[in-house]
Amino acid sequence: MSSSTLQAEICIDEVHKGEVCTGYLDIVSTEDILMDEITAKIYFEARGKMSGYKNEVLSFSIITEPILIKAGEENSIPFSFEINDFVESYEGKNVSFTYTCEVMMHVDEEDFKKLGLNFLASVKSFITSDKRLRAQKQFEVADLHNTYSVKEGTYDFKLKLNYILPLAIAVILFLIYISLIPEFDLSFTILGIVILITFTFMIHYYLEDALGRLTMKLADDDDENFHCAIEKTKKINLKEQHVYYEIIEEVVDNRGTSSSTNRQELYKSFRKEMKSFKKNTAFTFPYPGNLSYATMEQKDVKIYWRMCITGVSNLGLKLKYVSEFEVKKNKPIHNKEGLVKF
């Protein structure tokens, strides 16, 4: 029996308006091969420091009627597909999102016998149990022509819990408390720990109330910058005041008996000095050049932006205010085309 060889390669061109992807299946064979059917599936896969998964996004037919692959000729079979509401490809610190196009070629049973042992031995991992030939291509989906757009509105700041001063005071009080107990008693010790934790949070909320309510108003300046106006209700000043924003990647790992959270800083803007906390202040910040950092939440993965204000109180306590805000990507009015890359 003669031994024929067959090569199949998937090529994907680009995403048109509405995220329509076009491509073709390139097949070359040394003998005439009749293909009864060719189908394809698109998979979305997430990998990283969490419970990974691979989901089928869609399936479609490339041919529904038999087609003859002529010997020695390059046979290009076009196809197209559309991914609605897709998650963009992403390569982060602890997670990656990728897409795979898998094509299944059903060779006519009689012509399948033309594929000799050499061919079968070299590509046996690409032959399914029902004698279909499989080819795969990994590709990236990204809207490279889009620009960032901050969600306009008013956002509240929250004071991040600083354990140093509250905990120091609470520990001193706790030591005084247990020194007054004549002998060790478990119930009194547990009560003391509860009082310690409660006192720590009470001091935190007292500081938050004393410094007043902090808010910011966000608006787009243009495609490259956004405007941030910070407002304060009480005129209490901090020293060494700075404002900046940062982009955080958060991945929750549920693979073990207990979950853990991995946070990585993707981007931090330049720190800008706030000359006076007593006055409402406005700043202009540039968007980052990397277009992969739009806010996103996908199962155990989250990317979020937050504005940060840092300063030192009169007691020497370092304080940090944070406020999360949403930043999406907008398509330009006159250019809605994206690009599929390899």
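Could you grab me the full set of residues in the stretch 33-56 that are of a type in the set (A, V, I, L, M, F, W, C) and surrounded by 17 or more Cβ atoms within 10 Å (Cβ to Cβ)?
Ile33, Met35, Ile38, Ala40, Ile42, Phe44, Ala46, Met50
Hey, could you check the stretch 322-342 for residues that are in contact with a Gly (Cβ under 9 Å, 6 or more places away or on another chain) and modelled with pLDDT of 90 or more and say which is nearest to Glu273 (Cα to Cα)? Among those that are in contact with a Gly (Cβ under 9 Å, 6 or more places away or on another chain) and modelled with pLDDT of 90 or more, it is Phe325. Scanning the stretch 283-298 for residues that are surrounded by 12 or more Cβ atoms within 10 Å (Cβ to Cβ) and either in contact with a helix residue (DSSP H, G or I) (Cβ under 8 Å, 6 or more places away or on another chain) or modelled with pLDDT under 90 (or both) yields Leu291, Ser292, Gln298. Restricted to strands (runs of 3 or more DSSP E) entirely inside the stretch 1-114, those with at least 1 residues that are closer than 18 Å to Glu140 by Cβ are 6-16, 20-29, 33-48, 53-63, 75-82, 95-107.
Counting the residues of the stretch 213-253 that are surrounded by 12 or more Cβ atoms within 10 Å (Cβ to Cβ) and either free of Cβ contacts under 8 Å to residues at least 60 places away in the same chain or among the polar types (S, T, N, Q) (or both) gives 14. Across the stretch 217-275, which residue is farthest from Tyr148 (Cα to Cα) among those that are of a type in the set (Asp, Glu) and not in a strand (DSSP E or B)? Only one residue tops the list, namely Asp221.
Looking only at the stretch 24-52, filter to residues that are of a type in the set (A, V, I, L, M) and within 20 Å of Asp108 (Cβ to Cβ); which one of those is nearest to the chain's Cα centre (by Cα)? In this case the residue turns out to be Ala40.
The values are calculated or read from the model by the stated rules, or taken from the named source; none is laboratory data. Bear in mind that the values here come from a model prediction, so they are computed numbers and not experimental data. Reconstructed Cβ throughout: ideal geometry from the backbone, glycine too, with neighbour counts over all protein chains shown.
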